[in-house]
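Undergrad: Following this message is one structure expressed as structure tokens.
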Amino acid sequence: MVVRSLIKKIDLPVGMVFAVALIAVPLVTLICLQLYEALLRPPQLALDRAWIAHTFDVISTAEGMVGSAQNAERAQRGFLLTGAQAYLDRYRTEVAQSQELLQRRRAITSDNPEQQRRMPTLAAALDDWHAEREVTIEAYTREGLIAAQQMTRTRAGRDTLRQLSGLVDATVETEHELRSEERRVGKECRSRW
């Protein structure tokens, strides 16, 4: 109502200018806001996507390393029970895979001091686990099944695979915490817009 009364009081050419300005100013403002969003938000969204992908890469690499170690242990047991070369070949393949995944994890977490701090412990746990398996295989190859069983009994209380899994779980937890922090910071940034 107020706008109509103002337009009636103003001469037609001036009223038209005023009316067009009343429409154009909010329209230009909306266009500017949309441009601002279009130019600033996609880089942030791309960065968010990259961090999410990185987090899942670190987690899948860490879990893949433990999975390969578990598969190697199963293959080693198959070899010890049957003496079949196929099991030993599978064991060696899985051990190599776990080592490759450790190196990959080292590379993809190079920007994270917390994860790098854990690397020597994780590498040592993987090496300990591997050394135990090798000693048992060597005992089996040289002296037979009874010697391999003796080796296994002597280390019955020591579960190096569980230790390795615990270290990987800590890695995964750290990645989840980092992702939660990134989400919180991202929400704060977006709420400022």
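The values are calculated or read from the model by the stated rules, or taken from the named source; none is laboratory data. In this text the structure is predicted, and so the values were computed from the model without any measurement. Cβ placement follows ideal geometry from the backbone for every residue including glycine, while neighbour counts extend to all protein chains displayed. Note: areas computed on protein heavy atoms with side chains; ligands, DNA, RNA excluded. Shrake-Rupley method; radii C 1.70, N 1.55, O 1.52, S 1.80 Å.
Undergrad: Being more than 16 Å from A170 (Cβ to Cβ), surrounded by fewer than 18 Cβ atoms within 10 Å (Cβ to Cβ) and at pLDDT below 90, is that true of even one residue in region 61-72?
TA: no
Undergrad: In this structure, is R153 of a type in the set (K, R), more than 15 Å from A69 (Cβ to Cβ) and modelled with pLDDT under 80? It would help to see each step written out before you state the result.
TA: On the way: of a type in the set (K, R): yes; more than 15 Å from A69 (Cβ to Cβ): yes; modelled with pLDDT under 80: yes.
Yes; evaluated as a whole, the condition is true for this residue.
Undergrad: Is at least one residue of region 84-99 more than 23 Å from the chain's Cα centre (by Cα), over 22 Å from A170 (Cα atoms) and touching a residue at least 24 places away in the same chain (Cβ under 8 Å)?
TA: The answer is yes; a qualifying residue exists.
Undergrad: Select from region 100-127 the residues that are among the small types (G, A, S) and open to solvent by 50 Å² or more (accessible area, probe 1.4 Å) and list them in ascending order. First the steps, then the outcome.
TA: Residues of region 100-127 that are among the small types (G, A, S), as a first pass: 107, 110, 123-125.
Across region 100-127, the qualifying residues are A107, S110.
Undergrad: Is it true that some residue in region 8-17 is within 30 Å of E173 (Cα to Cα) and either assigned to a helix (DSSP H, G or I) or modelled with pLDDT under 90 (or both)?
TA: Checked region 8-17: no residue is within 30 Å of E173 (Cα to Cα) and either assigned to a helix (DSSP H, G or I) or modelled with pLDDT under 90 (or both).
Undergrad: Among all residue pairs at least 6 apart or on different chains, which show Cβ distances below 6 Å where the first residue, located in region 160-171, is at pLDDT 80 or above and the second is in a helix (DSSP H, G or I) and open to solvent by 10 Å² or more (accessible area, probe 1.4 Å)?
TA: Hits for this filter: S165/V66; V168/V66.
Undergrad: Also, quick follow-up: If you take the residues of region 145-164 that are open to solvent by less than 20 Å² (accessible area, probe 1.4 Å) and over 29 Å from the mean Cα position of the chain (by Cα), which of them is farthest from Q103 (Cα to Cα)?
TA: Going through the qualifying residues, I end up with A147.
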